[in-house]
Amino acid sequence: VREKETGSIANFRSTPVTRTEFILGKQLPYVVIALLSFVTLMMMAYGVFGVTPKGSVGTLLLGTLLYVMAATGFGVLISAFTRTQVAATFAAAVISIIPAVNFSGLLVPVSSLSGSGRLIGLAFPSAWYQQISVGTFTKALGFAELWQNLLMLAGFALFFVAVAILALRKQER
């Protein structure tokens with residue numbers, strides 16, 4: 001979105017870079033920063049509170065990678081449709097943050113929701129990641145028990161990035 005506001009999107013449109021390369025190039029730094037943040041939080045959980053995952057750390061890392069890719073993929077998807085940073089921020093908050101917090105299991109477990117509330121919760125990657133996080137930290141779960149959650153997160157990530165690639169125009173109309 002920032003490139004659209006500043007006019008530097010013309011650089012993208014005039015280079016041989018494909019839409020896929022552009023979207024993934026925009027997404028990659030945020031994925032790396034988020035994973036570094038996750039590692040820092042894991043070290044703090046252990047160093048400050050003495051908390052370690054009881055389940056598979058590899059499953060937790062894979063789930064975190066897929067969740068971060070889904071979340072950043074949603075961000076680039078929003079950016080592909082909006083023209084200003086204010087609009088992108090507002091759209092991201094209204095479309096994802098508010099429903100995800102209310103229906104993903106953060107405040108009320110998804111299993112206790114019924115009807116449309118449950119469907120709304122399951123329509124966001126955060127509901128699937130929360131089960132991975134809680135399962136690996138408190139229930140000693142691993143890949144065998146959480147593979148469906150990992151598959152859903154991968155699906156979200158691929159869907160958001162694919163739609164963002166399709167929505168990004170290489171040429172101005």
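The values are calculated or read from the model by the stated rules, or taken from the named source; none is laboratory data. Source: prediction; values computed, not measured. Cβ atoms come from the backbone with ideal geometry, glycine included; neighbour counts cover every protein chain shown. The area values use the complete protein model at the heavy-atom level, side chains included, leaving out ligands, DNA and RNA. Shrake-Rupley method; radii C 1.70, N 1.55, O 1.52, S 1.80 Å.
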With runs of 4+ DSSP H residues as the only contributors, calculate the mean residue ellipticity of the chain at 222 nm using -39,500 (n - 2.57) per run, divided by the residue total and rounded to the nearest 500.
-23500 deg cm²/dmol
I'd like to know which of SER112, TRP147, THR15 lies farthest towards the positive end of the charge dipole of the chain, counting +1 on Cβ of Lys and Arg and -1 on Cβ of Asp and Glu.
THR15
Mean projected area in nm² (Cα convex hull; one quarter of hull surface) for the chain
11.4 nm²
Label point at TRP147 placed 7 Å out along Cα→Cβ; residues across the range 65-90 whose backbone nitrogen lies under 20 Å:
65-67
Before I look further, what does the chain give for accessible area per residue, probe 1.4 Å, in whole square angstrom?
59 Å²
Give the accessible area for TYR67 in Å² (nearest 10); use a 1.4 Å probe, count only protein heavy atoms, and leave out ligands, DNA and RNA.
70 Å²
If DNA, RNA and ligands are ignored and the probe is 1.4 Å, what is the ranking of TRP147, TRP128 by accessible area, most exposed first?
TRP147, TRP128
Pair VAL17, VAL48: separation of 7 Å Cα→Cβ label points (nm):
3.6 nm
In the chain, which whole DSSP H runs stretch at least 24 Å along their own axis (Cα) and average -1.0 or higher on the Kyte-Doolittle scale?
19-49, 57-81, 143-167
Please compute the length gained on full extension between PHE159 and GLN85, using 0.36 nm multiplied by the number of residues separating them and subtracting their Cα-Cα distance.
24.4 nm
Cut-off 10 Å between beta-carbons: net charge of the residues surrounding LYS139, Lys and Arg +1, Asp and Glu -1
0
Of ILE23, ILE98, ILE132, which is the most mobile in a GNM of the chain whose springs link Cα atoms less than 10 angstrom apart?
ILE98
Which of rounded, prolate or oblate describes the range 103-143 when judged by the alpha-carbon gyration tensor and an a/c cut-off of 1.5?
prolate
What shape does the range 58-150 take by its C-alpha gyration tensor, where a ≥ b ≥ c are the square roots of the eigenvalues and a/c under 1.5 counts as rounded, a/b above b/c as prolate, and the rest as oblate?
oblate
Spacing of the two label points (7 Å from each Cα toward its C-beta) at VAL94 and ALA140, in nm:
4.8 nm
Can you put LEU24, LEU107 in order of accessible area, largest first, using a 1.4 Å probe?
LEU107, LEU24
Alpha-carbon centroids, the range 75-101 and the range 29-58: separation in whole Å:
27 Å
